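The values are calculated or read from the model by the stated rules, or taken from the named source; none is laboratory data. Everything numeric here is computed off the predicted structure, so don't read it as measured data. Here the Cβ positions follow ideal geometry from the backbone for every residue, glycine too, while neighbour counts run over all protein chains shown. Keep in mind that these areas ignore ligands, DNA and RNA; they rest on the heavy atoms of the full protein, side chains included. Shrake-Rupley method; radii C 1.70, N 1.55, O 1.52, S 1.80 Å.
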Amino acid sequence: MQKLTELHLHLDGSLRPETVWELAKEQQIRLPAADLEELRYQMKVPEDCQSLHECLKRFDLPLLVLQEADALERVTFELTEDLAKEGVTYAEIRFAPQQSMEHGLTQDQAVEAAIRGAKRGMEMYPSIRVGLILCCMRGEDKEALNLETVESVRKYLGDVVCAVDLAGAESLYPTEIFAPVFARVREYGLPMTIHAGEAAGPDSIRTALSYGTKRIGHGISAIQDPGLVEELVKEKVTLEVCVTSNFQIRSVPSIKEHPIRRLFDAGVRVTVNSDNMTVSGTNVRKELELVKEVFGFTDEEVKRLQEYAWEARFLR
């Protein structure tokens, strides 16, 4: 079986529906679904989704059950297990600890729970290594929480926690708003990746690069700016591309119009990732098959995509 590397995967977008159902019962949470089948439907991006902002509403439901340490440990373990069974040998799972504080958990406690789950998964499945990326969030009045997330990355950075990210509604909360947060990231010398150029244009990517990142989550709007494409190649910036997800939120009008082939041919270090295994209904193996079928990537080119991913990993 081909060894696989996954760099861009959201924990809350990759929960097993059965687990969400069980956790809701245990926690006495009333879900907006009458049965498991309806829950499955509600945990997937709608077929008529028109934007990233609309897609992000699908994360409200799984977050209901991610307010307890035991739940965070369980779902991190289960995702590690699912990845290992899929044949993934290296994965970076990202989540926002600030979104698990509604029942009194601190960000540090949320991080510690996820670390326990990841370590337990790796002990049971030695074939996989998992890192955790902690996400700051776009939104109103998030600076204090985001700076707290940065402190958690600094505190736990090591053999599991590996980087900081910025996620959320990119078009509503531009990347430049978060300059103070990334000034702190630079001050601490923390590894970083930043969501940019998915629901916003090339300027979002340029701003992210000005913060010092060498990895961009998505980044596909770079194709609109030839000068930026040249800069990405020159600076060896890695794009964490998620083809199915990009289409689902209408970052591209159709799968065939996705720029991954053009970016790759231009020499950009593009990688192929799933983004959300449950919300998007995919995994990294399916995504690699997709780029072969739709864009004509050869086996040798797919190997190169995976080499780019391996070279860009945070854990060494």
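Structure data summary
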item: Enumeration of residues in the range 109-134 that are among the small types (G, A, S) and surrounded by fewer than 17 Cβ atoms within 10 Å (Cβ to Cβ); result: S127
item: Near pairs, Cβ below 7 angstrom, 6+ apart or cross-chain, from the range 99-111 (closer than 13 Å to T149 by Cα) to any residue that is at pLDDT 95 or above and acidic (D, E); result: Q107/E148
item: Yes/no for G267 being in a helix (DSSP H, G or I) and open to solvent by less than 50 Å² (accessible area, probe 1.4 Å); result: no
item: Matching residues in the range 270-286 - criterion: being among the aliphatic types (A, V, I, L, M) and either surrounded by fewer than 19 Cβ atoms within 10 Å (Cβ to Cβ) or in contact (Cβ under 8 Å) with a residue 60 or more places away in the chain (or both); result: M277, V279, V284
item: Hey, A24 open to solvent by less than 20 Å² (accessible area, probe 1.4 Å) and modelled with pLDDT under 90 or not; result: no
item: Total residues in the range 252-264, condition outside any loop (DSSP other than H, G, I, E, B) and at pLDDT below 95; result: 1
item: Cβ-Cβ under 6 Å pairs, at least 6 apart or on other chains, the range 287-307 side modelled with pLDDT of 95 or more, far side open to solvent by 30 Å² or more (accessible area, probe 1.4 Å); result: V294/I255; F295/R261
item: Which numbered condition C136 fails, given (1) under 15 Å from A208 (Cα atoms); (2) in contact with an Asp or Glu (Cβ under 6 Å, 6 or more places away or on another chain); result: (2)
